[in-house]
Amino acid sequence: MIVYAPALAEDDGRTLAVVHGMERARPGLRIGMMISDEGQLLPLPDRDGFVAHESSRGEMPPLRSTDDNFRVSVTGWGIPAGLCPDGRAQFEFHVALPLSADGISAAEVLLEAVAENGRAFWGHATPISAAWDIARQTKNLPDDLAPPPRGLPAIKSPGAMRSPEIPHRLGWLNYWSAAAARAIGFPDSARDTDLLSRSRRTATGGWVVRLTEAPLELDNPAHLDALLRAYERFPEIGGRSAP
């Protein structure tokens, strides 16, 4: 799960709001451990104070849930302006969930919680096998002439895109802020009947859109077709349409 948001401002509180939002969205979830550089789990007696202090430095440390049976981790880092759309620095929140029944059932509410509390432009949650192929759509170098896998369209690098509100790519679960939805023309009642049946509005006017009922698996022809049709429906995604 990756969520793209504006760069952190000093003491803006979004990293701690994301942690609290995740815990509210998934009853019983407690994010109370830090993952050290050596991969060790360190208890955080004053978790909120620690996260707030790190946020004031523009950072979000790697955190993990206290439940070994439902391992959820969250971290984040800033991306410099030169690598971002319209030259506007961003902050990325990264969340890892188990691809288990519990993880799948929690993915949608956790994506919404991270995106809404992080005041994100857009985000997605995608199983890593499909995410790898989708990531290979992005053309970061002029001499990268290899076509994307599976007939997927080539998309621009984030730094070449004109607006941070335009999603870089699609995923299994897609969060589009109200601004992102406007930028790509969603929803259209005539064209989006199928997607709307798997979508819901958020408190801030954004959308969480589920591309397929089950987690996206591109070896499944029906799933690949759903992804291709969604790219055809939204040519703005990935900066493919003309300004």
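The values are calculated or read from the model by the stated rules, or taken from the named source; none is laboratory data. None of these values were measured; they are calculated from a predicted model. As a convention, Cβ positions derive from the backbone with ideal geometry for all residues, glycine included, and neighbour counts pool all protein chains shown. In case anyone asks, the SASA skips ligands and DNA or RNA and just uses the protein heavy atoms, side chains included. Shrake-Rupley method; radii C 1.70, N 1.55, O 1.52, S 1.80 Å.
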Q. For Ile155, which sequence-distant residues (separation of 5 or more, or a different chain) have an amide H within less than 5 Å of its own amide H, given hydrogens modelled in the peptide plane?
A. Thr138, Lys139
Q: May I ask for the net charge around Ser100, where only other residues with Cβ less than 14 Å from the Cβ of Ser100 are counted and Lys, Arg are +1 while Asp, Glu are -1?
A: -1
Q. Bin by bin, in steps of 5 Å, what percent of the Cα pairs in segment 15-133 do you find, going until the bin that has the longest distance?
A. 2, 10, 20, 24, 21, 14, 6, 2, 0
Q: Convert 25 °C to kelvin, take the viscosity as 0.890 mPa s, use the Kirkwood radius over C-alpha pairs of segment 6-82 as Rh, and evaluate the Stokes-Einstein diffusion coefficient in µm²/s, rounded to a whole number.
A: 189
**Q.** Cα coordinate range in the chain, projected on the principal axes (Å, largest first)
**A.** 50, 39, 34
Q) Of all GluC sites (Glu not before Pro) in segment 9-88, which ones are in loop regions per DSSP and have a Cβ with at most 10 other Cβ atoms within 10 Å? A) Glu10, Glu38
Q) How many percent of DSSP beta bridges within segment 1-155 run antiparallel, rounded to 5? A) 95
Q. Between segment 159-190 and segment 192-235, how many Å separate their Cα centres?
A. 12
Q.
If you roll a 1.4 angstrom probe over the protein chains with everything in place, what fraction of the accessible area of segment 88-243 belongs to carbon and sulfur, to the nearest %?
A. 57
Q: Given the peptides 60-67, 156-163, 41-48, arrange them by the average over their residues of other C-beta atoms within 10 Å, most packed first.
A: 60-67, 156-163, 41-48
Q. Segment 179-243: D in µm²/s via Stokes-Einstein (Kirkwood Rh, Cα pairs, 37 °C, 0.692 mPa s)?
A. 256
Q | Neighbourhood net charge (15 Å Cβ-Cβ; Lys/Arg +1, Asp/Glu -1) for Arg30 | A | -1
Q | From phi via Karplus (6.51, -1.76, 1.60), per-residue ³J(HN,Hα) for segment 217-233 in Hz, x at Gly/Pro | A | 9, 6, 6, 8, x, 5, 5, 4, 5, 4, 5, 4, 5, 5, 5, 5, 5
Q. How do His94, His53 rank by accessible surface area computed with a 1.4 Å probe, from largest to smallest?
A. His53, His94
Q: From largest accessible area down, sort Ile128, Ile35, Ile134; use a 1.4 Å probe on the protein chains.
A: Ile128, Ile35, Ile134
Q) Peptides 177-185, 190-198: what's the order by average Cβ count within 10 Å, highest mean first? A) 177-185, 190-198
Q. Accessible area per residue, 1.4 Å probe, Å², for segment 98-243: what's the number?
A. 44
Q: Could you tally the net charge around Gly238, taking each other residue with its Cβ under 10 Å from the Cβ of Gly238, Lys/Arg +1 and Asp/Glu -1?
A: +3
